[in-house]
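Before any comments, here is the structure.
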Amino acid sequence: MNAWWTRYLPEIIREWFEGRHQLQKTIGNTGWLMFDKVVRMLIGLTIGAWIARYLGPAQFGELAYVISFIAFFQVIPDLQADGVIIRDIAQGRGETPVILGTALYLRLFFGVVAWLCASGLMFIMHPHDSQLLLLTVIVGGTMVFQSAEVVDHWFQSQSQSRRTVLAKLVVYLFSNSVKVFLLLDKAPLIAFAWVMCLECATFALSLSVAYHRFPTDRQWTATFSQAKTLLHQCWPFIASSLMITTYMRIDQIMLKEMLGEKALGIFAAAQPLSHAWNVIPATLVTSLAPFVARKMSLDEKSYTETLVIIFRLFAIVSLLGAALTALVSPYLIEFLYGPQYQLTADVLKIHVFVNIFIFQGTAQTLWVINNNVRGVNVFGTFMAAAIGVISNLFFIKAFGVMGAVYAILLAQCTSVVIMPCLLRKDLRMLYIRAFVPFSSNRM
């Protein structure tokens, strides 16, 4: 039986989908995920711009500083195991309740540890700034509640994301309604940090409710052997993500320390608009992961062709999105943020081209996971992190806020393209097939 949405397609396309039930399921799941992320993105951009406008560059920069600081600690409790968990369940590599239960307990344990460490380090770095410490304690609490996201991996592995989309959307609408109330009530900065924590706690509760409507066949359990296996598989992704966080977030830390909160606020205001396009690769990769994993297990040639198509598609979409955003950036910033963020337009029109590398890096994770080349990104991201720190140090001194933009472009290019292609011939061949004209005919 065909999916309900195929009836609205042109007849020639509907006939092509006839009998391709797995593809229909993948596309339908992607549609639900895309709907959720696009709605959340639009609401987030609107309310986020209102908050930035209300707080002003200095206070907005202070909040951005805390969020970037927490991001360094968040890498470990996240485990960076989303793709691995979904792959193992989709391919039947172990018992599903054991995989999910072990991941949940690991994320909960490391979440508490990371929360305590982040709060302690902020106190050491800024012992006389009580507001920064309180912001860190509140925002850091989200790392504990985010352990519940393991439930979402169960739904994604079964292409059942529609079961959580509504719950996510309700929570998101609720939290943003609270933000609107705080804006109208002229609440202090600390109140907006509390809303971030409240949103994560409510989201964890909604996932629990959704799971009880569509549970696994047995109760979740955790085992030491599964924990050891999961950590062994994920440590390269954790190390790589820590390096990625370094070159993606160190600019905000260094901007605040070198130029102050206001400069950081100008820079940080461009980030949501620049990264808005990232919902596309994140959504597609989530839904494509089980499909690509099955291709890998069945037919290597078909698997390779699928990756080539994904690389090309991601490149085209990212380039078009970046060019469009750069073109309208002055009008967009004036409309959303007002004249106090005028310099943000200059940041945005260059920063948005980082998405070209982010799109390719996201697509590349499908190749990394399925080829089990866990260490391929570690050295590349380590080099990118080192380049990010050094280039920010010199570029911010030379170019001010724009220096941070040039540094992230250089670091992303190093991490996603230069180092991986130098280290792996097979990945280099994939990129050649994807982007060099007529290469497929010569290889």
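No value in this document is a laboratory result; all are computed from the given coordinates. None of these values were measured; they are calculated from a predicted model. When we count neighbours, we look across all protein chains shown, and the Cβ atoms used for this are built from the backbone with ideal geometry, even at glycine.
Normalised by the number of residues in region 303-443, the mean separation of alpha-carbon contacts (under 8 Å, six or more apart) gives a relative contact order of 27 percent. Quick one: angle between helix 355-371 and the longest Cα principal axis of the chain, in degrees between 0 and 90, rounded to 10, please. The two axes meet at around 40 degrees. Here the gap between Ala58 and Arg213, fully extended at 0.36 nm per residue and compared with their Cα-Cα distance, gives a gain of 51.3 nm.
Testing the spin-label approximation: label points 7 Å from Cα along Cα→Cβ at Phe174 and Leu319. State their distance in nm. Label-label distance for Phe174 and Leu319, simple model: 4.5 nm. Fully extending the segment from Ala222 to Phe435, taken as 0.36 nm per residue of separation minus the present Cα-Cα distance, adds 72.2 nm.
Among the trypsin sites (Lys or Arg not before Pro) in region 76-152, those located in a DSSP loop and surrounded by at most 15 other Cβ atoms within 10 Å of their own Cβ are Arg93. For the chain, the longest principal axis of the C-alpha atoms and the axis of helix 425-435 are separated by about 90°.
Of Asp82, Asp426, Asp217, the sequence from fewest to most neighbouring Cβ atoms within 10 angstrom is Asp217, Asp426, Asp82.
For helix 130-140, what angle does its Cα long axis make with the longest principal axis of the chain, in degrees from 0 to 90 and rounded to 10? Roughly 10 degrees, rounded to the nearest 10. A straight Cα-to-Cα reach below 26 Å connects Lys168 with the lysines Lys25, Lys37, Lys179, residues fewer than 8 places away in its own chain not being considered. Note on Ala386/Leu423: beta-carbon distance plugged into 1/(1 + (r/R0)^6) with R0 of 25 Å gives a FRET efficiency of 0.95. Taking 18 Å as the straight-line reach from the Cα of Lys349, the aspartates and glutamates in range (excluding those fewer than 8 positions away in the same chain) are Asp251, Glu334. Charge tally for Ser68 (other residues, Cβ to Cβ under 13 Å; Lys, Arg +1; Asp, Glu -1): -2.
Exposure proxy for Asp251, Asp299, Asp185: other Cβ atoms within 10 Å of each Cβ, ordered fewest to most, give Asp185, Asp299, Asp251.
Return the single residue from Ile369, Ile238, Ile316 with maximal mean-square fluctuation; model: Gaussian network over the chain, springs between Cα atoms under 10 Å. In this elastic network of the chain, the residue with the biggest mean-square fluctuation among Ile369, Ile238, Ile316 is Ile316. Calculated mean residue ellipticity at 222 nm for the chain: -27500 deg cm²/dmol, from DSSP H runs with n ≥ 4 weighted as -39500 (n - 2.57), summed, divided by the residue count and rounded to 500.
Look at the alpha carbon pairs under 8 Å that are at least 6 residues apart: their mean separation over the length of region 22-442 gives a relative contact order of 23 percent.
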